[in-house]
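In what follows, a structure is listed as structure tokens, so that the remarks can point back to it.
Values quoted throughout were computed directly from the atomic coordinates according to the rules given, and no laboratory measurement underlies them. Only a predicted model underlies this, so the values are computations on that prediction, with no experimental measurement involved. We place every Cβ from the backbone using ideal geometry, glycine too, and count neighbours over all the protein chains shown.
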Amino acid sequence: MFLLLMLLFLLLEYVCCNVEAKCLKGYNVALASYYVSTGLSLDDITHLMKSSDVSNSDDIISYNKDKIFNNNVFYFDKINVPFPCDCISDEFLGHVFVYSAAEGDTYDLIAKVEYVDLTTVELLRRFNSYGQNGIPKNAKVNVTVNCSCGNSQVSQDYGFFITYPLRPSNNLHDIASEDHLDA
Ligand SMILES: *[C@@H]1O[C@H](CO)[C@@H](O)[C@H](O)[C@H]1NC(C)=O
Ligand SMILES: *[C@@H]1O[C@H](CO)[C@@H](O)[C@H](O)[C@H]1NC(C)=O
């Protein structure tokens, strides 16, 4: 009897968690919180965050009606950028953006400056083969940004989940009040 229960348990665990939980899909669209640093235009951001959900700046504007006026983004503000929430390597939810490298780009610059911490050097290393010799100019770089299918205990009324990189000065209360949410 014990053995039977044990077997059943193992089987259930295999069926429910090992296979499915890796890529439990919720929404197909996620939002990335993009922190706008000085000198970037909406066109630059559109170019970096291009995907099947963003083909031109209007696709970004429609999610930021209160933040973008006459195609101008405010510096030091965060805008929401929609992106497809795919299943990466059958393992986790995310999307791979393709970035065209500029002269002198490094994984560090791409993760921290171009993609404002939406990705990490670790993820860039994992999904790109460029090694010690650096990244050639105009090379295509796979930029993986995680997304979340959320938590079934959180009401769907909240809508999309946002991938929100924490900046050094952030705390839960600041984020909540910026986004008009309850901490
Ligand atoms: C980017 O990802 C694609 C698809 O997985 C892969 O074929 C390609 O080699 C990767 N690029 C680099 C530079 O490693
Ligand atoms: C993204 O997800 C992968 C797989 O779960 C994880 O290894 C990685 O640490 C995550 N990266 C970020 C920046 O959250």
Item to check | Distance violations [Cα-Cα > 29 Å] among LYS50/LYS112; LYS65/LYS112; LYS78/LYS140; LYS112/LYS140 | outcome: none
Checklist entry - Amide H neighbours of ALA139 under 5 Å, counting only residues 5+ apart in sequence or on other chains, H built in-plane at 1.01 Å? => result ALA101
Checklist entry - Reachable aspartates and glutamates from LYS67, Cα under 16 Å, same-chain residues fewer than 8 places away excluded? => result ASP43, ASP58, ASP59, ASP77, GLU178, ASP179
Checklist entry - From the residues LEU124, TYR107, PHE69, which one has its Cα farthest along the dipole of the range 37-138 in the positive direction, the dipole being from +1 and -1 charges on Cβ of Lys/Arg and Asp/Glu about the Cα centre? => result TYR107
Checklist entry - Amide H to amide H, which residues 5 or more places from ALA30 or on other chains are under 5 Å from it, using H placed in the peptide plane? => result PHE83, CYS85
Next on the checklist: With the crude spin-label approximation of a point 7 Å out along Cα→Cβ, what separation in nm comes out for ASP66 versus LEU109?
Outcome noted: 3.6
Item to check | Qualifying chymotrypsin sites (Phe, Trp or Tyr not before Pro) in the range 33-76, DSSP loop, other Cβ atoms within 10 Å at most 12 | outcome: PHE74, TYR75, PHE76
Checklist entry - For ARG126 and LEU172 in the same chain, what is the full-extension length gain: residue separation times 0.36 nm, less their Cα-Cα distance, in nm? => result 13.6 nm
Checklist entry - Each residue of the range 76-92 in turn: what ³J(HN,Hα) in whole Hz from Karplus with 6.51, -1.76, 1.60 and θ = phi - 60°, glycine and Pro shown as x? => result 6, 10, 10, 10, 8, 10, x, 8, x, 9, 9, 9, 9, 6, 6, 10, 8
Next on the checklist: Just to check, using Stokes-Einstein with a Kirkwood Rh over alpha carbon pairs, what's the diffusion coefficient of the range 40-183 at 4 °C and 1.567 mPa s in µm²/s?
Outcome noted: 78
Next on the checklist: List the trypsin sites (Lys or Arg not before Pro) within the range 82-174 that DSSP assigns to loop and that have no more than 14 neighbouring Cβ atoms inside 10 Å.
Outcome noted: LYS137
Checklist entry - So, counting K/R as plus one and D/E as minus one, what does the shell of residues with Cβ under 12 Å around LYS67 add up to? => result -2
Item to check | Those residues of the range 42-66 whose amide nitrogen sits under 11 Å from the label point placed on PHE74, 7 Å along Cα→Cβ | outcome: 66
Checklist entry - Given H placed on each backbone N at 1.01 Å, which residues far from LEU93 in sequence or on other chains put an amide H within less than 5 Å of it? => result ILE88, CYS147
Checklist entry - Which whole-Hz couplings ³J(HN,Hα) result when phi for each residue of the range 123-134 is put into the Karplus expression 6.51 cos²θ - 1.76 cosθ + 1.60, θ = phi - 60°, listed in order with x for Gly and Pro? => result 5, 5, 4, 5, 9, 9, 9, 5, x, 5, 7, x
Checklist entry - Of VAL96, VAL81, VAL54, VAL113, how do they rank once you tally other Cβ atoms within 10 Å and put the fewest first? => result VAL113, VAL96, VAL54, VAL81
Next on the checklist: Just to check I understand the Karplus step: with θ = phi - 60° and J = 6.51 cos²θ - 1.76 cosθ + 1.60, what whole-Hz values come out for the range 106-115, glycine and proline as x?
Outcome noted: 10, 4, 4, 5, 5, 5, 8, 9, 5, 9
